[in-house]
1. Any idea which residue in the range 134-154 is farthest from Ile91 (Cα to Cα), counting only those that are outside any helix (DSSP H, G or I) and of a type outside the set (D, E, K, R)?
2. Of all residues in the range 188-216, how many are more than 30 Å from Gly328 (Cα to Cα) and without any contact (Cβ under 8 Å) to a residue 12 or more places away in the chain?
3. Output the number of residues of the range 130-149 satisfying the condition of being under 11 Å from Ser54 (Cα atoms) and either of a type in the set (D, E, K, R) or in contact with a His (Cβ under 6 Å, 6 or more places away or on another chain) (or both).
4. Which of (1) in a loop (DSSP other than H, G, I, E, B); (2) surrounded by fewer than 20 Cβ atoms within 10 Å (Cβ to Cβ); (3) at pLDDT 95 or above is the odd one out, the single condition Leu186 does not satisfy?
5. Checking the conditions here, which among Ala65, Ala7, Ala24 is surrounded by fewer than 16 Cβ atoms within 10 Å (Cβ to Cβ) and under 21 Å from Gly182 (Cβ atoms)?
6. Restricting to the range 338-354, give me the number of residues that are loosely packed, with under 11 Cβ neighbours inside 10 Å and in contact (Cβ under 8 Å) with a residue 12 or more places away in the chain.
7. Scan the range 79-95 and tell me whether some residue there is free of Cβ contacts under 8 Å to residues at least 24 places away in the same chain, of a type outside the set (S, T, N, Q) and in the same structural domain as Asn187 (by TED's automatic domain parsing).
8. Can you pull out the residues in the range 51-76 that are of a type outside the set (D, E, K, R) and in contact with a strand residue (DSSP E or B) (Cβ under 8 Å, 6 or more places away or on another chain)?
Amino acid sequence: MELYEYARPALMSGKKILYLHGFASSGATGSVGTLRLLMPECQVIAPDLPVEPSDVMNMLTALVASEKPDLVIGTSMGGMYAEMLYGIDRILVNPAFQLADTILKHNGLGRQDFHNPRADGQMSFLITKGMIESFREVSSHCFEKASEDSARVYGLFGIHDDLVHTFDLFSRHYPQAIRFDGEHHLNDDAILHSLLPVVQWIDDRQRGVSRRVIVIALGDKIVNHSSGFRKAAEILSQSYDIHIQASVPYNHPSGISDAANRDDRKPWDSMGCADIFSWCECELGVPVWNRVTITNHKELLLADYLIDGEPGVNGGCPTDDSQAGFMGTLIEYGSDAFKSWEDIIAYFSRLGGQ
């Protein structure tokens with residue numbers, strides 16, 4: 001499928017996004033074109049940032065005052081600058097909070113070429129020791145008002161990023177630190193599957209939208225004997241709030257470390273809490289971030305729908321007239337009506353978010 005087929009016209013419709021590019025880049029970066037293609041009803045403003053660090057914040061402060069963006073997305077160096085634009089919803093992608101050290105580590109002194117065309121036609125720029133110190137001074141002001149703004153900032157960190165490693169630093173100031181399957185530079189796949197879900201959360205909050213909740217119960221039938229699970233979770237998350245439920249052995253909540261090497265039990269049955277969180281992060285990605293519930297009592301879940309391959313286990317449905325089950329709508333994966341994830345996707349597509 002072509003990228004335009006994934007366009008979501010309703011996402012951020014009528015709103016403005018301010019995009020701040022990374023080091024040695026420009027507003028003509030390919031990521032901006034992708035965002036404009038995927039959110040055609042949103043205005044994406046992408047200025048060329050000045051090379052001199054001391055000029056950037058003055059420019060951005062004036063730009064925010066005049067354009068009043070609804071969301072700021074900053075990548076790498078742009079993420080460092082975006083963090084200091086307090087009072088606005090922000091997404092920081094692999095933010096380079098220690099840019100001076102990063103430049104030095106990668107031999108960035110001297111003449112550098114721009115990776116993308118600039119509006120002023122410049123093709124290169126000079127990084128001096130004085131400019132390095134300017135970067136250090138500007139970045140020293142990061143997090144000064146983080147405690148006042150913590151709910152409005154998300155951090156996205158590529159697990160394959162080999163340039164910037166600021167997940168721990170960000171986490172000390174903001175709770176919404178999210179790892180995603182990607183590298184330092186955004187590509188179309190990372191934008192589509194990792195960035196847009198976060199944009200949707202912010203757009204929903206700004207509009208006061210409350211989506212119906214779908215809980216997917218993890219178990220052997222769904223985890224080990226189904227295909228298309230991740231694709232289904234991504235598609236459903238565009239119209240519903242997707243959550244994950246998992247159970248753990250009560251007497252072994254931390255899991256059994258050699259479970260994967262044992263032949264007499266299924267590895268999934270022995271997963272502990274940390275294993276489950278890691279599995280969800282790796283296999284399902286951003287759409288289920290911070291949406292995992294560990295419980296051995298599905299009947300206590302408050303949700304509209306439960307997708308479950310083994311509803312008779314841990315309270316998914318009553319086993320007799322005296323036992324309560326999940327109170328919402330039960331979707332039994334593998335049943336005649338829902339033999340595959342395609343059947344489930346088609347069902348919820350007909351519901352249209354209801």
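The values are calculated or read from the model by the stated rules, or taken from the named source; none is laboratory data. Not measured: the values here are computed from a predicted model. Please note: Cβ atoms are built from the backbone with ideal geometry, for glycine as well, and neighbour counts cover all protein chains shown.
1. Out of the qualifying residues, it is Ser140.
2. Residues meeting the conditions: 1.
3. Count: 3.
4. Failed condition: (2).
5. Just a single option satisfies the conditions, and that option is Ala7.
6. Number of matching residues: 2.
7. The answer is no, given that none of the residues of the range 79-95 is free of Cβ contacts under 8 Å to residues at least 24 places away in the same chain, of a type outside the set (S, T, N, Q) and in the same structural domain as Asn187 (by TED's automatic domain parsing).
8. Passing the criteria: Val51, Leu60, Leu63, Val64, Pro69, Leu71, Val72, Ile73, Gly74, Thr75, Ser76.
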